[in-house]
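First up is the structure itself, then whatever we jot down about it.
The values are calculated or read from the model by the stated rules, or taken from the named source; none is laboratory data. Just so it is clear, the structure is predicted and the values come from calculations on it, not from any experiment. FYI the Cβ positions are ideal-geometry reconstructions off the backbone, even for glycines, and counts take in every protein chain you see. Please note that ligands, DNA and RNA were not included when accessible areas were found on the heavy atoms of the full protein model with its side chains. Shrake-Rupley method; radii C 1.70, N 1.55, O 1.52, S 1.80 Å.
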Amino acid sequence: MIRARSKLNNQFLYIYQTYLQTNPENEVVWHYLCSENIGYGLRVYYSNEIDNMEVTNQCCGENIDISKKYMHPILKAILDSDWELYNDIVEGDQESWLVFEKLLGHRP
């Protein structure tokens, strides 16, 4: 699990996916798909919106390198097997979010 702190409200975020993408200024920058303390769904944060990233624990025997692209193994398994469920989790559909929580074994 990767944890960071939001520069916007100083709350902890949990990062489930990291990826590189081109921004409107045509620069390639890191994007982080994160859960927040409240609500459902995953929100994209940009590298200038978070700090204090740290790996808090390993899941499923993975070796997390925060300098590379990453996707949580459970989220990856959902993406590979059921695009609609993945999309609903990201969008914050409550029923799908509860399925995600159950598969994780904790509140994201």
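Below is a table of values for the structure above.
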| quantity | calculated |
| --- | --- |
| Share of carbon and sulfur in the accessible heavy-atom surface of the chain [1.4 Å probe, %] | 46 percent |
| Only Lys, Arg (+1) and Asp, Glu (-1) charged, at Cβ; the chain dipole about Cα centre in debye | 380 debye |
| Extension reserve of the Ile38-Phe12 stretch, reckoned as 0.36 nm per residue once the Cα distance is removed | 8.3 nm |
| Label-point separation in nm, His31 to Arg5, each point 7 Å along Cα→Cβ | 2.7 nm |
| 222 nm mean residue ellipticity, helices alone, for the chain (DSSP H n ≥ 4; -39,500 (n - 2.57); rounded to 500) | -8000 deg cm²/dmol |
| For the chain, accessible area per residue (1.4 Å probe, heavy atoms of protein chains only), Å² | 60 Å² |
| Unit charges at the beta carbon, dipole of the chain: most positive-side option, Asn26, Trp97, Asn63 | Asn63 |
| Cα→Cβ-extended label distance, 7 Å offset, between Asp82 and Asp65, nm | 3.2 nm |
| For the chain, alpha-carbon Rg over 2.2 N^0.38 Å | 1.04 |
| Residue order for Glu54, Glu25 - accessible surface, 1.4 angstrom probe, largest first | Glu25, Glu54 |
